[in-house]
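To start, the structure under review is shown below, and the notes come after it.
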Amino acid sequence: MPRPLATPLRTKAPWRVLAGFGGAGHAACRFAAPETVEELAATLEAAKAEGLTVGFRGSGRSYGDAALNREGLVIDATRINRMLRWEPETGVFEAEGGMTIEGLWRRTIEDGYWPAVVPGTMHPTLAGCVSMNIHGKNNFRVGSFGEHVLELDLLTPNGELLTLSRQQRPELFHAVIGGMGLLGAITRLKLQLKRVHSGRLSVGSITTRNLEELFDAFEANLHEDYAVAWVDCMPGGSSLGRAQIHTARYLEPGEDPEAQVSLHVERQGLPGHILGVPKSSLWRIMRLFTNNLGVRLTNFAKYHSSWLSHDKRYLQSHVGFAFLLDYVPNWRLAYGPGGLIQYQVFVPYDTARECLRDVLTMCQQAGQPSYLGVLKRHRPDDFTLSYALDGWSLAMDFRVTPKRQRALWELTERLTERVLAAGGKFYFAKDSVLSPANVEHAYGRERLERFAALKQELDPERLLTTDLWRRAVAPVATPSAPLVAPSPEAAAVSL
Ligand SMILES: Cc1cc2nc3c(=O)[nH]c(=O)nc-3n(C[C@H](O)[C@H](O)[C@H](O)COP(=O)(O)OP(=O)(O)OC[C@H]3O[C@@H](n4cnc5c(N)ncnc54)[C@H](O)[C@@H]3O)c2cc1C
């Protein structure tokens, strides 16, 4: 039984204006950051008693509104972040949900273990990675993050602490993974890590002239452990979809003569300077180029210089290869005050080539080419709200400005229609634009209803919600859900 909070949340929890990582959407939320599971349970209980809705937040690395709860309470769970158990003999790692990917690899790499799946940044929390069921550059080989979770603890809105696994309440386990934090708080996880025999990977680079070459070369390299492509979304015609693919494979035991040294944490650092410029200032320079002409020039230079490393291999640290986007702190500020949205489409293998050709062309015709394009190969998984499929994904970053916003949303609507017609799906961690009808089409009513039934069982009072859930999922999953009435205090907070 949690000790009740001394002061009511309506008095104690301050208002904060929170944003998604892309910075294109904001919400005024009440904010609490408990430090223990007991405090978290007490906060949930108090929120229920005071009629406040609750949304959970990790490191806030989801691009859109997944970790926002306008006018309700946001519980930041990042302080509940202790390591609980580490078994270097088996690679089984146990921690509280607020520990970050960075916190994890720093504790295990010197014992020769690396997380089996990581996103493109090391800052997300483990609970955030489970809630979105994130994927890495090796999704085609090892599946999503959830496939490496052995067990987790879920604190339900009723204050029950459930232990879930593939054996204990498997249906709920499969719904919590990828369940967007809407079934309860993930307070503890047990993960199976990957044994590595060096702190470095053997990395290969391949440059391709257009989309067809890109797909062919990517497929020819699926024997590698990782593969990812940077796509230049600017040129059309015979250069449409030109790209640079990076592949990587783990080193075998004995292959790296400096294996022990390379596994040291200090050998995994990212460089402090890039081309002589301190990393912390780079975004200011990038900002000058974050427009159609600047990106066209930058991509031109990047594409042509990539031929210098074409078909070559080199060694790179795990951190250097995995967390490319962490090289430049605050890079998102280069997009200016309106921020960016990321929009990631997943398209089945058979329809992907044609569909992604159309997607790139439609962006160019609308005068809104993506400033960053990233192509990955995926395999399906069996989680309830899975976005994964046997096919490809293209993640695209679009700058948001007051002038471009309306046209950008109209463009994404047309892109969504095209992707749905190809049998595609979308990823909630990157979403800012989907409508309930799009979600129903992509996920199917049966899955949404299955998820909603579990939510009704665990959260009958509908305590847990987020802006993403209200915008895109609840209207189809639970059509009778009452709309949350804005409180007068919230209305007074000006954005
Ligand atoms: C630069 C960058 C690169 C990225 N690269 C990738 C990538 O390669 N692949 C990929 O899949 N994703 C990628 N992402 C997305 C990111 O990995 C996910 O959005 C991830 O969920 C972020 O974790 P977080 O801790 O920041 O959680 P948040 O974004 O704060 O929250 C995510 C979800 O988790 C829920 N949640 C958080 N904590 C808890 C808890 N304790 N209990 C229950 N629910 C909780 C929230 O309610 C929310 O629904 C990237 C993001 C960035 C910014």
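The values are calculated or read from the model by the stated rules, or taken from the named source; none is laboratory data. Quick caveat, the model's predicted, so the values are computed rather than measured. Note that each Cβ is placed from the backbone with ideal geometry, even for glycine, and that neighbours are counted across all protein chains shown.
Only residues that are closer than 18 Å to Leu152 by Cβ, more than 13 Å from the ligand (Cβ to nearest atom) and among the β-branched types (Val, Ile, Thr) were counted in the range 91-130, giving 1. Within 15 Å of the ligand (Cβ to nearest atom) and either of a type in the set (Gly, Ala, Ser) or more than 30 Å from Thr466 (Cα to Cα) (or both) - does that describe any residue in the range 202-213? Within the range 202-213, none of the residues are within 15 Å of the ligand (Cβ to nearest atom) and either of a type in the set (Gly, Ala, Ser) or more than 30 Å from Thr466 (Cα to Cα) (or both). Within the range 40-52, is there a residue that is in contact (Cβ under 8 Å) with a residue 24 or more places away in the chain, surrounded by fewer than 21 Cβ atoms within 10 Å (Cβ to Cβ) and within 11 Å of the ligand (Cβ to nearest atom)? Looking for residues that are in contact (Cβ under 8 Å) with a residue 24 or more places away in the chain, surrounded by fewer than 21 Cβ atoms within 10 Å (Cβ to Cβ) and within 11 Å of the ligand (Cβ to nearest atom), one finds none in the range 40-52, hence no.
When you look at Leu191, is it within 14 Å of the ligand (Cβ to nearest atom), not aromatic (Phe, Trp, Tyr) and not assigned by TED's automatic domain parsing to the domain that holds Gly55, yes or no? Step through it out loud before you land on a result.
Values: within 14 Å of the ligand (Cβ to nearest atom): no; not aromatic (Phe, Trp, Tyr): yes; not assigned by TED's automatic domain parsing to the domain that holds Gly55: yes.
It is false that Leu191 is within 14 Å of the ligand (Cβ to nearest atom), not aromatic (Phe, Trp, Tyr) and not assigned by TED's automatic domain parsing to the domain that holds Gly55.
Of everything in the range 239-251 that's farther than 24 Å from Val319 by Cβ and part of a loop (DSSP other than H, G, I, E, B), which residue is farthest from the chain's Cα centre (by Cα)? Looking at the filtered set, the residue picked out is Leu240.
If the condition is being within 11 Å of the ligand (Cβ to nearest atom), crowded, with 21+ Cβ neighbours inside 10 Å and not in a helix (DSSP H, G or I), then the range 305-343 contributes Phe323, Leu340, Gln342. Within the range 261-272, not a single residue is surrounded by 13 or more Cβ atoms within 10 Å (Cβ to Cβ), among the β-branched types (Val, Ile, Thr) and within 16 Å of the ligand (Cβ to nearest atom).
Ser165: outside the structural domain of Pro2 (by TED's automatic domain parsing), among the hydroxyl-bearing types (Ser, Thr, Tyr), out of contact with any Gly (no Cβ under 8 Å at 6 or more places or on another chain) and more than 30 Å from Val54 (Cβ to Cβ), yes or no? Criteria not met by Ser165.
Based on what the data block shows, is Thr125 touching a residue at least 12 places away in the same chain (Cβ under 8 Å), touching a strand residue (DSSP E or B) at 6+ places or on another chain (Cβ under 7 Å) and surrounded by 24 or more Cβ atoms within 10 Å (Cβ to Cβ)? Steps first, answer last, please.
On the way: touching a residue at least 12 places away in the same chain (Cβ under 8 Å): yes; touching a strand residue (DSSP E or B) at 6+ places or on another chain (Cβ under 7 Å): yes; surrounded by 24 or more Cβ atoms within 10 Å (Cβ to Cβ): yes.
In short, yes.
Table: residues versus (1) touching a Pro at 6+ places or on another chain (Cβ under 6 Å); (2) on the phi < 0 side of the Ramachandran plot; (3) in a loop (DSSP other than H, G, I, E, B); (4) of a type outside the set (Gly, Ala, Ser).
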site	(1), (2), (3), (4)
Asp256	no, yes, yes, yes
Ser280	yes, yes, no, no
Leu297	no, yes, no, yes
Tyr303	no, yes, no, yes
Asp350	no, yes, no, yes
Glu354	no, yes, no, yes
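If you take the residues in the range 444-465 that are assigned to a helix (DSSP H, G or I) and basic (Lys, Arg), which one is nearest to Asp382 (Cα to Cα)?
Going residue by residue through the range 444-465, those that are assigned to a helix (DSSP H, G or I) are 445-458.
Those left that are additionally basic (Lys, Arg): 445, 447, 450, 455.
On the way: Arg445: 16, Arg447: 11, Arg450: 13, Lys455: 18 Å.
That would be Arg447.
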